[in-house]
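Everything below concerns the one structure shown next.
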Amino acid sequence: MASSLPSARTLLVLGRASNLPTVWSNCFAGWLLGGGGPVRALAQLCVGGSLLYLGGMYLNDAFDASFDRQFRRERPIPSGAIEERLVWQLGFGLLGLGWLLLALLGWSSALLATLLVVAVLVYDAVHKAVAFSPVLMAACRFFLLLVAASASQGGVTGESVWNALALAGWIVGLSYVAKRESTTGQLQRWPLAPLALPLLFAALYNFHAESQGRALVLAVVLVAWAGWCLRHTFLTGNRNLGLTVAGLLAGICLVDVLAVTPSWAGCAVFGGLFLASLLGQRFVPAT
């Protein structure tokens with residue numbers, strides 16, 4: 001029987017809180033791609049985005065409770081660390097509060113935040129039942145980056161849309177691997193092709209005179225990190241999809257910094273978020 005007051009660790013594990021730095025990275029990237037603006041708006045974005053993420057993760061476990069009782073008994077609900085009813089309540093509460101904070105940023109932000117919430121709920125409800133669930137997960141990050149851009153002084157631009165699509169490609173690739181964590185079948189390589197979309201869009205947008213040096217360095221770092229993560233699945237004797245997925249999740253920060261290609265000081269911020277995500281994974285599982 002779960003206690004009435006779950007532990008802080010239970011709540012962190014339930015929300016996969018080690019991935020929160022990637023949410024902040026998406027918000028920062030979208031805000032910069034839209035031209036920046038008041039720091040207060042950026043802070044509100046990060047808080048609202050975090051609440052939506054945590055709410056979505058809580059509801060993910062609530063929808064998956066029956067599956068987890070069979071295949072992932074270490075998760076908080078089947079292990080008895082928290083009552084399923086409380087998870088439903090917390091999930092919808094966090095989702096609603098996160099939507100409100102983002103909606104207060106403006107009409108366009110409210111519309112995009114609504115689409116984000118719909119994407120989160122649809123993904124949580126059907127991701128175990130449909131083959132295209134990686135696309136649904138990608139839609140969540142796509143709309144998050146656009147919400148951030150909508151709250152900036154320039155609003156949603158073509159550049160922010162294209163880079164949101166590049167981010168979505170990365171999410172499709174890593175979600176394909178994540179979908180097979182609980183299976184033992186063969187992992188095909190071709191569905192991983194969308195992982196290359198950030199490089200394609202960086203080549204189209206960021207390899208211009210003033211930032212091509214930084215863009216090249218960041219592209220090499222992203223490729224090296226993706227290769228390091230995928231080796232756990234394809235090049236080692238013991239396949240470990242969990243390590244691959246966790247690494248690619250942290251790599252979202254590297255995708256974001258390549259999209260923005262900011263000054264070296266800005267790169268350091270994204271690098272700090274990347275390291276924070278990796279550090280967090282030592283204490284709270286990313287998946």
Practice prompt. Have a look at Ser152, Ser133 and point out the one that is buried (at least 18 other Cβ atoms within 10 Å of the Cβ), touching a Lys or Arg at 6+ places or on another chain (Cβ under 8 Å) and polar (S, T, N, Q).
Written response: Ser133
Fill in: Check on Ala226, under 22 Å from Val23 (Cα atoms), buried (at least 21 other Cβ atoms within 10 Å of the Cβ), at pLDDT 95 or above and among the small types (Gly, Ala, Ser)
yes
Worksheet entry | Residues of region 103-131 satisfying the condition of being modelled with pLDDT of 95 or more and within 17 Å of the chain's Cα centre (by Cα) | Leu112, Ala113, Leu115, Leu116, Val117, Val118, Ala119, Val120, Leu121, Val122, Tyr123, Asp124
Response to the item:
Filtering region 106-116 down to residues that are buried (at least 21 other Cβ atoms within 10 Å of the Cβ) and hydrophobic (A, V, I, L, M, F, W, C) yields Leu112, Ala113, Leu116
Worksheet entry | Of all residues in region 63-74 being out of contact with any Ser or Thr (no Cβ under 9 Å at 6 or more places or on another chain) and touching a residue at least 60 places away in the same chain (Cβ under 8 Å), the one that is surrounded by the most Cβ atoms within 10 Å (Cβ to Cβ) | Phe63
Item to complete: Name the single residue, out of those in region 117-136 being among the hydrophobic types (A, V, I, L, M, F, W, C) and touching a Phe, Trp or Tyr at 6+ places or on another chain (Cβ under 8 Å), that is nearest to Val147 (Cα to Cα).
Response: Val117
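Considering every residue within region 216-234, establish whether at least one is in a helix (DSSP H, G or I), over 22 Å from the mean Cα position of the chain (by Cα) and farther than 25 Å from Phe132 by Cβ.
Yes, the conditions are met somewhere in region 216-234.
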Fill in: Close pairs from region 85-109: first under 19 Å from Val13 (Cβ atoms), partner among the small types (Gly, Ala, Ser) and part of a helix (DSSP H, G or I), Cβ under 7 Å, at least 6 apart
Val87/Ala62; Trp88/Ala62; Gly91/Gly55; Gly91/Ala62; Leu94/Gly55; Leu95/Gly55; Leu95/Gly56
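Looking only at region 1-56, filter to residues that are of a type in the set (Lys, Arg) and in a helix (DSSP H, G or I); which one of those is surrounded by the fewest Cβ atoms within 10 Å (Cβ to Cβ)?
Residue satisfying both the conditions and the ranking: Arg40.
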Worksheet item: Within region 149-159, is even one residue part of a helix (DSSP H, G or I) and at pLDDT 95 or above?
Response: yes
Fill in: Residue among Ala178, Ala286, Ala276 that alone is in contact with a Leu (Cβ under 6 Å, 6 or more places away or on another chain) and surrounded by 18 or more Cβ atoms within 10 Å (Cβ to Cβ)
Ala286
Worksheet entry | Close pairs (9 angstrom Cβ cut-off, 6 or more residues apart or separate chains): in contact (Cβ under 8 Å) with a residue 60 or more places away in the chain in region 168-182, part of a loop (DSSP other than H, G, I, E, B) anywhere | Trp170/Gly251; Leu174/Gly251; Val177/Leu187; Ala178/Thr287; Arg180/Leu187; Glu181/Thr287; Ser182/Arg72
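The values are calculated or read from the model by the stated rules, or taken from the named source; none is laboratory data. Quick caveat, the model's predicted, so the values are computed rather than measured. Heads up, the Cβs are rebuilt from the backbone with ideal geometry, glycines too, and the neighbour counts pull from every protein chain shown.
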